[in-house]
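Visitor: Mind having a look at this structure? Questions to follow.
The values are calculated or read from the model by the stated rules, or taken from the named source; none is laboratory data. Not measured: the values here are computed from a predicted model. Counting neighbours? That spans all protein chains shown, and the Cβs are built from the backbone with ideal geometry, glycine included.
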Amino acid sequence: MPTISEFFGIYIQIMYLDHNPPHFHAKYGDQKVIIEIEKGIVRGQMSERALRLIFEWLDIHRDELMLAWNNAKNGIEPGKIEPLK
């Protein structure tokens, strides 16, 4: 599962050939969540601070995330997305 972005100890990953709906995986220490790209639905648990950072990043890069998702869904390298600064 490629890491497409990393910021403040948060790793954002997208799986190749994954199931719908479009989503990404986020890891922060031993905490893990899955977040739907379009609706922002969260599965799993993570600190509120980390989730705020992830959603700030998601709002900025939603279109790039959809492109990365579509690439990975088709077995193509999803590429990297600029981290939150």
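Visitor: Looking at Glu6, Glu82, Glu64, Glu36, which is the one that is at negative phi, loosely packed, with under 14 Cβ neighbours inside 10 Å and not polar (S, T, N, Q)?
Guide: None of the others qualify; the one that does is Glu82.
Visitor: Where in segment 22-63 are there strands (runs of 3 or more DSSP E), lying fully within it, with 2 or more residues that are closer than 20 Å to Ile81 by Cα and in contact with a strand residue (DSSP E or B) (Cβ under 9 Å, 6 or more places away or on another chain)?
Guide: Because the criterion is at least 2 residues that are closer than 20 Å to Ile81 by Cα and in contact with a strand residue (DSSP E or B) (Cβ under 9 Å, 6 or more places away or on another chain), the strands (runs of 3 or more DSSP E) in segment 22-63 that meet it are 23-28, 31-36.
Visitor: Lys85 passes all but one of (1) out of contact with any helix residue (DSSP H, G or I) (no Cβ under 9 Å at 6 or more places or on another chain); (2) under 17 Å from Tyr11 (Cβ atoms); (3) modelled with pLDDT of 95 or more; which number fails?
Guide: (3)
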